[in-house]
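Below: one structure in structure tokens.
The values are calculated or read from the model by the stated rules, or taken from the named source; none is laboratory data. Because the structure is predicted, anything quoted here is derived from the model rather than measured. Note that each Cβ is placed from the backbone with ideal geometry, even for glycine, and that neighbours are counted across all protein chains shown. Accessible surface areas use protein heavy atoms only, side chains included; no ligands, DNA or RNA. Shrake-Rupley method; radii C 1.70, N 1.55, O 1.52, S 1.80 Å.
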Amino acid sequence: MEAKITESQKRKMTNPVIQFFRFIYLSLKILFIVEGGHGGTRNRE
Amino acid sequence: MSKIVVLGAGISGHVAAAHLRRKLSKQHQIIVVSPNSNYQWIPSNIWVGVGRMKSESILFPLAPLYKRKNIGFIQAKAIEFHPEGDDNTDKPYVTCEYVAGANKGESEKVTYDYLINATGPKLNFEATEGLIPGKNKTYSVCTYTHANHAWKGLSELIQEMKNGKTARILIGTGHGQSTCQGAAFEYILNVEQELRKHKVRDKAEITWISNEYELGDFGMDGMMLSYGKGAMKSSEMVQMVFEERGIKWILGSAVQKVEEGLAHYETLEGEFKTEVFDFAMLIPSFSGHGFKSFDRNGIENTEKLFRGFMIVDADYTKKPYEEWSVQDWPETYQNPSYDNIFAPGIAFAPPHAISKPRVSKNGTPISPAPPRTGMPSGITAKLVADNIIDMIKHNNKKLNHKGSLGNMGAACIASAGFGMMDGSGVSITTFPIVPDYKKYPDTQGRKLGKTFGEIGLAGHWLKLALHYAFIYKAKMKPFWWLIPE
Ligand SMILES: Cc1cc2nc3c(=O)[nH]c(=O)nc-3n(C[C@H](O)[C@H](O)[C@H](O)COP(=O)(O)OP(=O)(O)OC[C@H]3O[C@@H](n4cnc5c(N)ncnc54)[C@H](O)[C@@H]3O)c2cc1C
């Protein structure tokens with residue numbers, strides 16, 4: 001459990017330009033995961 | 001003509017009613033029964049609780065919308081279920097009690113052909129002595145009224161801190177089996193940021209108290225997340241965030257009694273301890289509403305419909321944690337005794353928890369109940385609506401629309417502070433929601449990549465975008481149905 005937020009990570013997390021592209025990326029990724037389909041589990045085995 | 005009655009106008013009830021209305025012709029009747037006159041977008045209560053949003057911006061009145069959309073609305077609460085009718089009527093019905101207007105206090109039999117029970121949870125504050133929102137310096141953000149109280153309490157404390165007071169803030173779960181840790185996680189980070197904005201952060205000790213065994217369990221048995229170019233456990237991620245924000249934590253604890261500024265709790269080690277606070281936000285346990293059901297002859301048959309929450313097509317056989325599987329989780333949310341009754345969202349009885357159950361040395365259960373967040377609530381409501389539509393249109397008893405929490409993804413965009421330029425969010429997605437340890441044995445039951453975590457300003461924008469998108473959708477504005485659940 002040694003993970004720490006480094007200064008350079010912190011700069012990326014707060015940089016509006018980088019974050020704008022992360023926003024687009026995250027929106028699409030979440031759309032893909034949530035809309036990627038769902039179904040049952042019982043007939044697949 | 002079919003009559004579909006939807007109990008509850010929260011995320012799942014409203015989604016179901018909206019889809020039914022859109023896809024069924026006017027000859028079919030859709031009626032929503034709910035005690036609250038407003039729709040509220042609950043996830044944004046976090047921001048109401050830190051004074052960054054007014055409750056008016058997260059709610060709107062249901063009656064005018066339903067009138068415009070030709071959805072019937074009864075402002076009442078369901079009390080009793082009569083799924084076989086009674087001596088006087090063959091039609092199944094629900095007894096509802098009006099909570100407003102001229103008929104307040106009167107009850108009515110609301111008959112149905114199909115019933116969707118989307119009544120969500122009862123916020124069971126009574127299960128923890130002294131845990132009363134707005135009393136004993138404890139607050140809640142579970143409803144907009146609670147969140148308003150919370151902000152009032154917090155802003156008064158901030159004023160006192162500006163005058164030199166040092167304060168202790170306690171946020172987390174208020175019962176050994178509470179769920180919804182995610183909401184408390186968001187709130188603690190927002191409160192922390194608010195104190196920084198008001199320049200009183202150095203005057204406060206902020207502590208997370210939770211029934212989780214590890215940080216980042218979230219009632220979902222924790223997660224292995226893709227993070228940056230590698231992978232990270234959710235426990236590590238939350239620890240990293242708490243350390244960064246100077247937040248302390250107490251884990252494996254069951255708050256059992258609250259007195260003015262004191263939270264008494266039991267730990268997994270069996271010790272009884274007390275935490276002192278000036279402001280606390282503790283999520284209560286959730287329970288069913290205590291509904292009763294009766295057969296045609298008036299004999300109680302509640303056990304056919306409820307085990308706390310509503311019984312659906314889950315496998316409720318008691319088994320140890322090691323034998324739990326995704327197949328235990330429901331797929332259609334249909335009651336096995338009455339095939340015209342469904343329960344999406346939080347209203348259905350889960351087969352068991354998701355997190356490993358634990359008891360203290362004294363035998364007290366201390367582990368989270370399973371959460372059912374907004375996205376799965378919406379998705380399960382939509383698939384229930386689609387199955388009912390198939391039943392009505394094609395007389396199809398076979399339910400083709402399925403969605404197990406063991407085969408469904410969800411996103412949890414946790415606000416970590418409000419602000420267009422200085423806000424932050426912890427974006428987490430999981431697939432599946434219920435871990436499938438057989439399918440993904442090496443990654444804690446989840447698919448890496450589809451299960452990921454990210455921290456940054458983009459998370460705040462995303463949560464804000466979702467706020468506006470889901471309120472737009474809930475208001476059923478043009479093309480609302482294009483916005484996914
Ligand atoms: C503070 C907070 C923050 C959250 N943040 C997020 C988040 O960021 N993302 C996320 O995905 N999820 C979040 N959630 C969880 C999300 O709000 C729930 O998953 C969702 O509201 C569940 O929807 P539901 O329709 O099943 O229940 P509810 O939304 O609770 O709706 C239940 C409805 O039933 C009505 N009702 C109650 N009793 C009766 C009765 N007797 N008769 C008729 N109607 C009745 C209620 O008035 C209400 O309209 C959060 C929850 C909280 C408390």
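Please give the FRET efficiency for B:Lys23 paired with B:Asp339, using the beta carbon to beta carbon distance and R0 = 25 Å, rounded to the nearest 0.05. Walk me through the numbers before you get to the answer.
Working: r = 20 Å, r/R0 = 0.80.
The calculated FRET efficiency here is 0.80.
Among DSSP bridges having both ends in region B:65-219, what percentage is antiparallel? Round to the nearest 5. Display every interim value, and only then the final one.
On the way: 11 of 17 bridges.
The answer is about 65 percent antiparallel.
What is the packing order of peptides B:3-13, B:452-462, B:347-357, taking the mean over residues of other C-beta atoms within 10 Å and listing the highest first?
Output ranking for B:3-13, B:452-462, B:347-357: B:3-13, B:452-462, B:347-357.
Another one. For a quick check of understanding: with a 1.4 angstrom probe and all protein chains in place, what accessible area in square angstrom does B:Ile299 have, to the nearest ten?
For B:Ile299, the solvent-accessible surface is approximately 100 Å².
Taking a point 7 angstrom from the Cα of B:Asp86 along the C-beta vector, which residues in region B:284-325 have backbone N less than 14 Å away?
Residues passing the 14 Å test: B:292-301.
When the dipole is taken about the Cα centre of region B:289-419, and only Lys, Arg (+1) and Asp, Glu (-1) are charged at their Cβ, what size is it in debye, to the nearest 20?
Approximately 220 debye in magnitude.
Nearest 5 percent is fine: what portion of the DSSP beta bridges confined to the protein assembly as shown is antiparallel?
60 percent
Pairing the Cα long axis of helix B:181-197 with the longest principal axis of chain B, what angle in degrees results, from 0 to 90 and rounded to the nearest 10?
40 degrees
7 Å from Cα along Cα→Cβ at both B:Thr364 and B:Lys248: what's the point-to-point distance in nm?
Going by the 7 Å Cα→Cβ label model, 1.9 nm.
Ignore the peptide's own chain and count Cβ atoms of other chains within 10 Å of each Cβ in B:451-457; give me the average, rounded. The partial results should precede the final answer.
On the way: counts 1, 4, 0, 5, 5, 11, 10.
Per-residue shielding by partner chains comes out at 5.
Rounded to the nearest 0.05, what FRET efficiency do B:Asn396 and B:Thr145 have when you use their Cβ-Cβ distance and R0 = 41 Å?
Working: r = 42 Å, r/R0 = 1.03.
After rounding to 0.05, the efficiency reads 0.45.
Separate question: With a 1.4 Å probe and all protein chains left in place, how much accessible area per residue does the protein assembly as shown have, in Å²? Can you show the working numbers first?
Values: 21620 Å² over 530 residues.
Dividing the accessible area of the protein assembly as shown by its residue count gives 41 Å².
Right, next: Please get the size of the charge dipole for the protein assembly as shown, origin at its Cα centre, with Cβ charges of +1 on Lys and Arg and -1 on Asp and Glu, quoted in debye to the nearest 20.
Details: 64 positive and 54 negative charges, 394 e Å.
Around 1900 debye, computed over the protein assembly as shown.
Among residues other than B:Tyr440 whose Cβ falls under 11 Å from its Cβ, what is the net charge (Lys/Arg +1, Asp/Glu -1)?
+3
Where nothing but the Cβ of Lys and Arg (+1) and of Asp and Glu (-1) is charged, how large is the charge dipole of region B:110-243 around its Cα centre, in debye to the nearest 20?
That gives region B:110-243 a dipole magnitude of about 680 debye.
A further question follows. Would you calculate a helix-derived [θ] at 222 nm for the protein assembly as shown, using -39,500 (n - 2.57) for each DSSP H run of n ≥ 4 and dividing by the full residue count, to the nearest 500? The partial results should precede the final answer.
Details: 11 runs with 143 residues, N = 530.
So the calculated ellipticity at 222 nm is -8500 deg cm²/dmol.
Let me ask something additional. Put +1 on the Cβ of every Lys and Arg and -1 on every Asp and Glu Cβ in the protein assembly as shown; which of B:Thr364, B:His146, B:Gly298 then has its Cα farthest towards the positive end of the dipole?
Among B:Thr364, B:His146, B:Gly298, the one farthest towards the positive end of the dipole of the protein assembly as shown is B:His146.
If each of A:Thr14 and B:Lys356 carries a label point 7 Å out from its Cα toward its Cβ, how far apart are those two points in nm?
Inter-label distance under the simple model: 3.8 nm.
Now, a different point. Among residues other than A:Leu31 whose Cβ falls under 13 Å from its Cβ, what is the net charge (Lys/Arg +1, Asp/Glu -1)? The partial results should precede the final answer.
Working: positive: A:Lys29, B:Lys450; negative: A:Glu35, B:Glu485.
Charge balance near A:Leu31 sits at 0.
Right, next: So which lysines pass the test for B:Lys356, namely a Cα distance under 23 Å, with those fewer than 8 places away in the same chain ruled out?
Straight-line reach from B:Lys356, under 23 Å: B:Lys233, B:Lys318, B:Lys319, B:Lys438, B:Lys439, B:Lys447, B:Lys450.
Computed FRET efficiency, Cβ-Cβ of B:Ala465 and B:Thr317, R0 45 Å: what is it to the nearest 0.05?
0.60
So how far apart, in nm, are the two label points at B:Glu129 and B:Arg307 if each is 7 Å from Cα heading toward Cβ?
My value for the distance between the label points is 3.1 nm.
Could you give the distance between the Cα centres of region B:394-431 and region B:107-172, to the whole Å?
With region B:394-431 and region B:107-172 each reduced to a Cα centre, they are spaced 24 Å.
Which is farthest toward the positive dipole end of chain B among B:Ile71, B:Pro336, B:Ser325, measuring Cα position about the Cα centre, with Cβ charges +1 (Lys, Arg) and -1 (Asp, Glu)?
Among B:Ile71, B:Pro336, B:Ser325, the one farthest towards the positive end of the dipole of chain B is B:Ile71.
Rounded to the nearest Å, what's the spacing between the alpha carbon centres of region B:1-79 and region B:280-347? Just the number, please.
22 Å
Shifting gears a bit: Would you mind telling me the share, in percent, of accessible area of region B:315-472 contributed by carbon and sulfur at probe 1.4 angstrom?
56 percent
With every protein chain left in place, what is the accessible area of A:Lys10 in Å² (1.4 Å probe, nearest 10)?
Rounded to the nearest 10, that gives 70 Å².
Next up: If you add up the charges near B:Gly51, with Lys and Arg at +1 and Asp and Glu at -1, over every other residue whose beta carbon is less than 12 angstrom from its beta carbon, what do you get?
+2
Summing both sides, how much accessible area is buried between A and B? Use a 1.4 Å probe and give Å² to the nearest 100.
It comes to approximately 3400 Å² buried between A and B.
Using 0.36 nm times the number of residues separating B:Trp480 and B:Glu56, minus their current alpha carbon distance, what extension gain do you get? It would help to have the intermediate numbers written out before the result.
Working: separation 424, 0.36 × 424 = 152.64 nm, distance 2.09 nm.
Using 0.36 nm per residue and subtracting the Cα-Cα distance, I get 150.6 nm.
For region B:368-451, just say rounded, prolate or oblate: build the C-alpha gyration tensor, square-root its eigenvalues into a ≥ b ≥ c, call rounded for a/c under 1.5, and beyond that prolate if a/b exceeds b/c, oblate if not.
Oblate is the answer for region B:368-451, as a/c is 1.5 or above yet b/c matches or exceeds a/b.
Follow-up. If each residue of separation counts as 0.36 nm, what is the full-extension length gain between B:Met421 and B:Ser287 once their alpha-carbon separation is subtracted?
Working: separation 134, 0.36 × 134 = 48.24 nm, distance 3.90 nm.
Using 0.36 nm per residue and subtracting the Cα-Cα distance, I get 44.3 nm.
Just to be sure I understand: of the beta bridges DSSP finds with both ends in chain B, what percent are antiparallel, rounded to 5?
Of those bridges, close to 60 percent are antiparallel.
Shifting gears a bit: To the nearest 10 square angstrom, what accessible area does B:His401 show with a 1.4 Å probe?
For B:His401, solvent-accessible area is about 60 Å².
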